[in-house]
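Every read-out reported here was derived from the displayed coordinates using simple, explicitly stated rules and does not represent laboratory data. Everything quoted here is computed from the prediction, not taken from an experiment. Cβ sites come from the backbone with ideal geometry, for glycine too, and all protein chains shown count toward neighbours.
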Amino acid sequence: SKILFPKAIFTNNLLTGESVKCDTRKLSDLENIFLDKEAFRNMDLQQTVYNVNSLLPVKENTPGGLFFGITTIYPGKVGNEFFMTKGHFHSNLDTAEFYWGVEGEGMLIMMDMDRNVWAERMFPGSLHYIPGKVAHRVANTGYRKLVFSACWPSDAGHDYKSIAKDDFAMRLIEKNGVPVLIK
Ligand code: 6PG
Ligand code: NI
């Protein structure tokens, strides 16, 4: 069984528990993510901000297993804030993750548990290690779609609640034509 992803072909045919899924996040799913509520209200809420194609070769929570995903973030802004993912800590806090840039331009925004925030530029071929206990979110800073791959442990899980409650300590906005992190 060959499984075709936007930018990857999965050729392994020895797996049993495998499944694939595609999650789509529209602007309407991201109401509390963006800062500029006024700009948000005036936008087409049905537009897709990003989608995630995931390959789950084993069942969720299988110890030692790995998941793979390809995220596509479309270009756009809400006010002066770039289209971006919700962002999350892993529920199993110690679990790390790899991201790598495939297409387009973006920024990986990370925050540790002391709320220190930093960012890494994403571009085709860029490779990023996200340590455990570090929240991660990606923004598309370009004019084309941003595509990146990810690999994470199958027992990582997603904790969106902490971000929904306390947010990231900094946001990535466009100022004088360049992306900058602001408090
Ligand atoms: C994960 C990865 C990655 C991420 C997507 C969408 O742990 O599964 O970090 O696949 O989920 O890029 O981002 P959000 O999950 O923050 O919406
Ligand atoms: Ni993750």
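In table form, for the structure just shown:
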item: Residue order, fewest to most beta carbons within 10 Å, for Met170, Met107, Met122, Met113; result: Met113, Met170, Met107, Met122
item: Net +/- balance of residues flanking Pro131 in space, Cβ distance below 14 Å, scoring K and R +1, D and E -1; result: -4
item: Ranking of Leu4, Leu108 by count of other Cβ atoms within 10 Å, fewest first; result: Leu4, Leu108
item: Whole-angstrom Cα spans of the chain along principal axes, big to small; result: 51, 33, 29
item: Relative contact order for the stretch 46-103, counting Cα pairs under 8 Å that sit 6 or more residues apart, in percent; result: 29
item: For the chain: relative contact order, % (alpha-carbon pairs under 8 angstrom, 6 or more apart); result: 23
item: Computed helical MRE - 222 nm, the chain, DSSP H runs ≥ 4 contributing -39500 (n - 2.57), nearest 500; result: -1500 deg cm²/dmol
item: Only Lys, Arg (+1) and Asp, Glu (-1) charged, at Cβ; the stretch 82-163 dipole about Cα centre in debye; result: 300
item: Cα-Cα over 20 Å, subset of Lys21/Lys161; Lys26/Lys175; Lys37/Lys183; Lys2/Lys86; Lys37/Lys77; result: Lys21/Lys161; Lys26/Lys175; Lys2/Lys86
item: Cβ-based charge dipole, the stretch 22-73, positive-most Cα from Asn61, Leu45, Thr71; result: Asn61
item: Order of His158, His136 under a 10 Å beta carbon neighbour criterion, fewest first; result: His158, His136
item: Electrostatic dipole magnitude of the stretch 62-129 [Cβ: Lys, Arg +1; Asp, Glu -1; Cα centre; debye, to 20]; result: 180
item: For the chain, built as a Gaussian network whose Cα springs stay under 10 Å, the top-fluctuating residue of Glu103, Glu31, Glu81; result: Glu31
item: Cα centroid separation, the stretch 79-112 to the stretch 25-69 (Å); result: 11
